[in-house]
Amino acid sequence: MKRILTYGTYDLLHYGHIRLLKRAKELGDYLIVAVSTDEFNAIKNKKSYHNYETRKKMLEAVRYVDLVIPEENWEQKVQDVKDYKVDVVVMGSDWAGSDRFDYLKEYCEVVYLDRTEGISTTKIKKDLNLQTPKNEINQIPETKDERKKKEGK
Ligand code: C2G
């Protein structure tokens, strides 16, 4: 079983993300996505429209994704590769050659896939002229089942 790992914020999920996930999955049999927590986004100076829980739920609904784990810092990648027995780390070509990823070649294969031109979360926000009020992050309301589970009913 060939295990693939990729990292990202994955906010406002768009077809550039989906194409990356589809091609990453095609490289193996099991795809793990480490999605940036809201706290790590702050470190990356990224403000996401959806909070971590919502971005995680949306990725879990993507047919190519087998597991979603939190990306909490820059330093966790070697441990992730070991813990999840990863064969290939995949990122979009905007990360090609980055020292944030290239050093992982000591532990596994590192593959950069062409970034999908013409789409990005920043472009979507700009085109929709989205001004997310400061510190307000939208989230998907809980389903009845999720509420019952939380209340232990
Ligand atoms: N991507 C792509 N084409 C686009 C937009 C994004 O292929 N048009 C890819 C990126 O290259 C990345 C993944 O989709 O591999 C997720 O993109 P982002 O959510 O923007 O992730 P990023 O902010 O680059 O976070 O530790 C690494 C970071 O967490 C990566």
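Here are the numbers:
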quantity	calculated
Subset of region 92-109 [in contact with a helix residue (DSSP H, G or I) (Cβ under 7 Å, 6 or more places away or on another chain) and assigned to a strand (DSSP E or B)]	Gly92
Breaking point among (1) more than 17 Å from Lys22 (Cα to Cα); (2) more than 7 Å from the ligand (Cβ to nearest atom); (3) not hydrophobic (A, V, I, L, M, F, W, C), for Thr121	(2)
Wholly within region 1-91, strands (runs of 3 or more DSSP E) carrying at least 1 residues that are closer than 23 Å to Lys126 by Cα and either within 13 Å of the ligand (Cβ to nearest atom) or open to solvent by 60 Å² or more (accessible area, probe 1.4 Å) (or both)	3-8, 30-36
Single residue of region 94-118 satisfying the filter (within 9 Å of the ligand (Cβ to nearest atom) and hydroxyl-bearing (Ser, Thr, Tyr)) that is most open to solvent (accessible area, probe 1.4 Å)	Tyr112
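The values are calculated or read from the model by the stated rules, or taken from the named source; none is laboratory data. All values reported here derive from a predicted model rather than from experimental measurement. Cβ atoms come from the backbone with ideal geometry, glycine included; neighbour counts cover every protein chain shown. Protein only, heavy atoms only, side chains kept; ligands, DNA and RNA dropped before computing areas. Shrake-Rupley method; radii C 1.70, N 1.55, O 1.52, S 1.80 Å.
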